[in-house]
1. At a probe radius of 1.4 Å, what is the per-residue accessible area of V19, in Å² to the nearest 10?
2. From the Cα gyration tensor of the range 1-63, with a ≥ b ≥ c the square roots of its eigenvalues, which class applies: rounded if a/c is under 1.5, or else prolate if a/b is larger than b/c, or else oblate?
3. Averaged per residue, what accessible surface does the chain expose to a 1.4 Å probe, in Å²?
4. How large, in percent, is the carbon and sulfur part of the accessible surface of the range 1-44 at a probe radius of 1.4 Å?
5. Restricting attention to the range 1-54, which trypsin sites (Lys or Arg not before Pro) occupy a DSSP loop and are surrounded by at most 14 other Cβ atoms within 10 Å?
6. Taking the Cα centre of the chain as origin, sum charge times position over the Cβ atoms of Lys and Arg (+1) and Asp and Glu (-1), and report the length of that vector in debye to the nearest 20.
7. Using alpha-carbon positions, what is the distance between the centroids of the range 91-118 and the range 2-72, in Å?
8. Say the dipole of the chain comes from +1 at the beta carbon of Lys and Arg and -1 at that of Asp and Glu; which of A68, G48, F37 then lies farthest toward its positive end?
Amino acid sequence: MIAELMASGDYQRHLGALVPKLAENAARMSNMVLQTFPSDTCISEPAGGSVLWVMVPGLDARGLFRAALEEEISIVPGNVFAADQCFANYFRLSFGEPWCDRIETGLHRLADLVRQRR
């Protein structure tokens, strides 16, 4: 089945439609984070995948994760990707879903939570 999908060209067409949408989502999310989060926030420029790494100096990302979860906002704290605490003030945001008002509202609320927790 996978061989047929690859041979048919459907997969390449799918990627051709998906990649520009993901790039647009990444740009929109990056811009919103830079505009609404504290000014010393840093974000990654993804070379692939569908997540942004966000770093906020002085932030406990695990605490932010718990607070965001209570607001039904999904983030992943950076410390789950390391054996030590070197990513304690990092978290990941996914831009893989179709853009909608719910995402924008969630980013604004997440920015408020970041400010409260620093």
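The values are calculated or read from the model by the stated rules, or taken from the named source; none is laboratory data. Note that the structure is predicted; figures quoted are calculated from it, not measured. Backbone-built Cβ (ideal geometry, glycine too); neighbour counts: all protein chains shown. Quick note on the areas: whole protein, heavy atoms, side chains included, nothing else; ligands and nucleic acids left out. Shrake-Rupley method; radii C 1.70, N 1.55, O 1.52, S 1.80 Å.
1. Rounded to the nearest 10, that gives 90 Å².
2. Here the range 1-63 falls in the prolate category.
3. Here the residues of the chain average 63 Å² of exposed surface.
4. After summing per-atom areas, the C and S share lands at 63 percent.
5. Answer in residue order: no site qualifies.
6. So the dipole magnitude of the chain works out to roughly 220 debye.
7. If we compute the Cα centre of each part, the gap is 11 Å.
8. The one lying farthest along the dipole's positive direction is F37.
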